[in-house]
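Engineer: Just passing along the structure, written as structure tokens.
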Amino acid sequence: MQPEKTMKRRHSMPFGAEVLAHGVHFRLWAPAARRVTLCLARTHREDIFPMLAQAGGWFELVVPGAGAGMRYGFRLDDNQLMMPDPASRCNPDDVHQASQVIDPTAFDWNDGNWRGRWWEEAVIYELHVGCFTQQGTFAALRQRLDYLVDLGVTAIELMPVADFPGACNWGYDGVLPFAPDGSYGPPEELKFFIDAAHSKGIMVLLDVVYNHFGPEGNYLPRIAPPFFSDLSEHRRTPWGNALNFDGPNSRTVRDFFIHNTLYWLEEFNIDGLRLDAVHAIIDDSIPDFLTELVQAVHAGPGRDRHIHLILENDHNAAHYLRRDVSGHPIFYTSQWNDDIHHALHVLLSGERDGYYVDYADNPIAHLGRCLAEGFSYQGQISPFRAGKPRGESSGNLPAGAFVNFLQNHDQVGNRAHGERISMLANPCALRAAIAILLLAPSPPLLFMGEEFSAAQPFQFFCDFELDLAAAVTRGRRSEFSRFEQFGTSEAQGSIPDPCDPETFARCKLDWSTLAEPLHDDWLTFYRSLLALRHALIMPLLATHQFDKAGANNKFQMVTSRGLIVHWRLESGGELILSANLGDAPLAGFTRPSGDLFYTSEDVVSTALAEQFLPPWSVAWILDRSMEEAAHV
């Protein structure tokens, strides 16, 4: 094997603090300010420097003799409040304190030969750095890499690490998008983790938030008011007024987030990003921000590396997922497929509240359409969305355009008590659903701990200042008041307080339970299925044997609880799923030709030959007979 190259990595930005050979270049966009003062902490003193005003609201200054490790901040006009740098690479003492100058070239990377992995090889493991280990750090996460390799994971997806206020947060309240949160460790520890993951063949993906800033510690409204749109009704998001991606001065806003993307990909050698809730990005421009961002990636680090950009998009906007004639993404690689989660959740739990109402009429049909065509909602009316149409046609997209899952941080954590699906579903039913998820062609995503049926919930937690914390706690409990089971004040009071440190502590995985037979059995089950995926499904994906357009895939229902799905291979063969997702034996299945490579434990060898399947069971067949006939 060729030895890895040691190398330096740095992404140059038009803002923030950049280390030079003879000092540090500081630059800030403050278009509403008359004067900006740089506050630079030196040993035993603070130096004050007036910054030089430039065109377009920019202020800059080169400070000779300044260097990495120094703390700094900005004061505007006559205000004595020192504010951190919005483009800070590091804020060691949290979001209200001074930023720290970082020299990215001080880190030696050992993964110079790494070019990423093909998307067809993706088995994604989503985790929260603070909850994955008891220590809750990048360094502790690095110690678990061999476990994930043994599990069969090829991509780790980190929930957002951008600096947030307080000691804990899901990460979606970040306010310094270039600075890894100090509670997880300094920036170099994140780099050590990524470097080590690459050495073991694991991609690292990062969740980023480009639709809002958190409610505490965001100084941009003071520093640069044009960063945000006006407060008109159609310019509001669930988290406040929208970011300004298409109005006056929006060029700097767009550049800020495009550089953030390139910063993670280039300076941290991240393999891809998951863009949170892009349906909440309000942008009427052409080209829109999402298009301009992906074009910048393709023209930059995507030229010589495998870079994967993944969307969360409630609009099911399939046009962002289009492929070229070779089957490669024109824009975004994939999208989280909420439709398949919701259909499976209804089947497994029987729940019909909230957005599950859209899948309650015929969950098997929704599941079949997701497996064969990607989205279930491709333009039809959504009852949950007050009768509005949702989605675009996705039947011409390959399976790789959709990330499928049974659990993720949203679908577990947005429940009142953060219950995992293993706490709600019959184990036999759950095993059938997992066998579908892990062997279907679309890349599967696991949520930390699900592979050993972790007993810990994943609840909503945060650490805001007192007044905001009280409001968040009240809001969290009132949010569930419309549900019948939380109709009383007593029931609402049982919902965990997000700001109680015990809520966060309760969510940390307990790795000692792997010694218990129940959890070890689940882990063995997941490992065996992922080994099958690596051995049989990935080679088909890697050699592009599935129909590139996906239009020849099909599904059929067997009564109201059975499902048969066919994925056509380019060679003429097929991958076939037969599933009984009900509580009683079901007739109506035929035994296709081909190799029966997986069945649920209680499927006897004669079952399909006799045209039935037991309750909650699946059978997978790989049929190459047409391929073989073509070579005769």
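Read-outs throughout are calculated quantities, based only on the coordinates presented, and are distinct from any laboratory measurement. Worth saying up front: this structure is predicted, and the values here are computed from it rather than measured. Counting neighbours? That spans all protein chains shown, and the Cβs are built from the backbone with ideal geometry, glycine included.
Engineer: How long is the gain from Val149 to Tyr355 if the chain were fully straight, where each residue apart is worth 0.36 nm and the alpha carbon distance is subtracted?
Structural biologist: 70.7 nm
Engineer: Between Glu502 and Gln54, what is 0.36 nm times their sequence separation minus the Cα-Cα distance? Round to one decimal in nm. Don't skip to the end; give the middle numbers.
Structural biologist: Details: separation 448, 0.36 × 448 = 161.28 nm, distance 4.90 nm.
Answer, rounded to one decimal: 156.4 nm.
Engineer: Hey, got a sec? Which chymotrypsin sites (Phe, Trp or Tyr not before Pro) in the range 266-355 land in a DSSP loop and have at most 13 other Cβ atoms within 10 Å?
Structural biologist: Values: sites: Phe268, Phe289, Tyr320, Phe331, Tyr332, Trp336, Tyr355; in loops: Phe268, Phe331, Tyr332.
Nothing satisfies the criteria.
Engineer: DSSP loop trypsin sites (Lys or Arg not before Pro) in the range 65-120 with at most 16 other Cβ atoms within 10 Å of their Cβ, which ones? Please list the in-between numbers first.
Structural biologist: Numbers: sites: Arg71, Arg75, Arg89, Arg115, Arg117; in loops: Arg89, Arg115, Arg117.
Passing both the DSSP loop test and the Cβ count: Arg115.
Engineer: Fewest to most neighbouring Cβ within 10 Å: what's the order for His22, His534?
Structural biologist: Sorted ascending by nearby Cβ count, the order is His22, His534.
Engineer: Another question, then. Mind pulling the angle between the C-alpha long axis of helix 289-299 and the longest principal axis of the chain? Nearest 10 degrees, somewhere in 0 to 90.
Structural biologist: 90 degrees
Engineer: List the pair-distance distribution P(r) of the range 546-587, using every Cα-Cα distance, as the percent of pairs falling in each 5 Å bin from 0 up to the bin containing the longest distance, rounded to whole percents.
Structural biologist: Answer for the range 546-587: a P(r) of 6, 24, 25, 16, 13, 10, 5, 1 percent.
Engineer: Treating only the Cβ of Lys, Arg, Asp and Glu as charged (+1, +1, -1, -1), what charge dipole size does the chain show about its Cα centre? Round to the nearest 20 debye.
Structural biologist: Roughly 940 debye for the chain.
Engineer: In the P(r) worked out for the range 552-630, what percent of Cα pairs fall beyond 19 Å?
Structural biologist: Value for the range 552-630 (Cα pairs over 19 Å): 33 percent.
Engineer: In bins 10 Å wide, starting from 0, what share of all Cα pairs of the range 95-199 does each bin hold, as a percent?
Structural biologist: It works out to 13, 43, 35, 8, 0, in whole percents.
Engineer: Right, next: Tilt of helix 427-439 relative to the longest C-alpha principal axis of the chain, in degrees (0 to 90, nearest 10)?
Structural biologist: 70 degrees
Engineer: In Å, what is the Rg of the alpha-carbon atoms in the range 259-329, and how long is Dmax?
Structural biologist: Just the Cα atoms of the range 259-329 yield Rg and Dmax of 12.5, 32 Å.
Engineer: Spin-label point model (7 Å from Cα, Cβ direction): what's the Cys428 to Glu479 distance in nm?
Structural biologist: 3.6 nm
Engineer: Also, quick follow-up: Just to check, using Stokes-Einstein with a Kirkwood Rh over alpha carbon pairs, what's the diffusion coefficient of the range 16-106 at 20 °C and 1.002 mPa s in µm²/s?
Structural biologist: Details: Rh = 13.1 Å.
Value of D from the Cα-based Kirkwood radius: 163 µm²/s.
Engineer: So for the chain, taking the charge dipole from beta-carbon charges (+1 Lys/Arg, -1 Asp/Glu), which of Phe525, Ala399, Pro614 sits furthest toward the positive end?
Structural biologist: Ranked along the dipole, the leading option is Ala399.
Engineer: Please give the calculated 222 nm ellipticity per residue for the chain, where each DSSP H segment of at least 4 residues contributes -39500 (n - 2.57) and the sum is spread over every residue; nearest 500 deg cm²/dmol?
Structural biologist: -7000 deg cm²/dmol
Engineer: In Å, what is the Rg of the alpha-carbon atoms in the range 386-455, and how long is Dmax?
Structural biologist: 14.4, 40
Engineer: With contacts defined as alpha carbon pairs under 8 Å and 6 or more residues apart, what's the relative contact order of the range 16-106 in percent? All intermediate terms of the calculation are to be shown ahead of the outcome.
Structural biologist: Numbers: 198 pairs, mean separation 27.0, N = 91.
Relative contact order comes out at 30 percent.
Engineer: Let me have the relative contact order for the chain, percent, based on Cα pairs under 8 Å that are six or more residues apart.
Structural biologist: That works out to 10 percent.
Engineer: For Trp567, Trp114, what ranking results if the residue with the fewest other Cβ atoms within 10 Å of its Cβ goes first?
Structural biologist: Numbers: Trp567 27, Trp114 21.
Sorted ascending by nearby Cβ count, the order is Trp114, Trp567.
Engineer: Give me the Kirkwood hydrodynamic radius of the range 293-352 in Å, from all C-alpha pairs, to one decimal place?
Structural biologist: 13.4 Å
Engineer: Okay, moving on. Using a 10 Å cut-off on Cβ atoms, rank the peptides 256-264, 10-18 from the highest mean neighbour count down.
Structural biologist: Packing order, densest peptide first, comes out as 256-264, 10-18.
Engineer: Helix 363-373 versus the longest principal axis of the chain: what angle, 0 to 90°, nearest 10, using Cα atoms?
Structural biologist: In the chain, helix 363-373 runs at an angle near 70 degrees to the longest axis.
Engineer: Also: Rg (Å, one decimal) plus Dmax (Å, integer) for the alpha carbons of the range 255-376?
Structural biologist: Computed over the Cα atoms of the range 255-376, radius of gyration and Dmax are 16.8, 48 Å.
Engineer: Another one. I'd like the antiparallel share, as a percent to the nearest 5, of DSSP beta bridges with both residues in the chain.
Structural biologist: About 70 percent, rounded to the nearest 5.
Engineer: Moving to a separate point now. Please get the size of the charge dipole for the range 16-106, origin at its Cα centre, with Cβ charges of +1 on Lys and Arg and -1 on Asp and Glu, quoted in debye to the nearest 20.
Structural biologist: With Lys and Arg at +1 and Asp and Glu at -1, about 140 debye.
Engineer: Given 20 °C and 1.002 mPa s, compute D for the chain with the Stokes-Einstein relation, Rh being the Kirkwood radius over Cα pairs; round to the nearest whole µm²/s.
Structural biologist: 83 µm²/s
Engineer: What shape does the range 373-423 take by its C-alpha gyration tensor, where a ≥ b ≥ c are the square roots of the eigenvalues and a/c under 1.5 counts as rounded, a/b above b/c as prolate, and the rest as oblate?
Structural biologist: Here the range 373-423 falls in the oblate category.
Engineer: Classify the range 169-266: rounded, prolate or oblate, from the alpha-carbon gyration tensor (a ≥ b ≥ c, eigenvalue square roots; a/c under 1.5 rounded; otherwise prolate if a/b is larger than b/c)?
Structural biologist: Cα axes put the range 169-266 in the prolate bin.
Engineer: So, with +1 on the Cβ of K and R and -1 on the Cβ of D and E, and no other charges, what is the size of the charge dipole of the range 552-630 about its Cα centre, to the nearest 20 debye?
Structural biologist: In debye, rounded to 20, the range 552-630 gives about 260.
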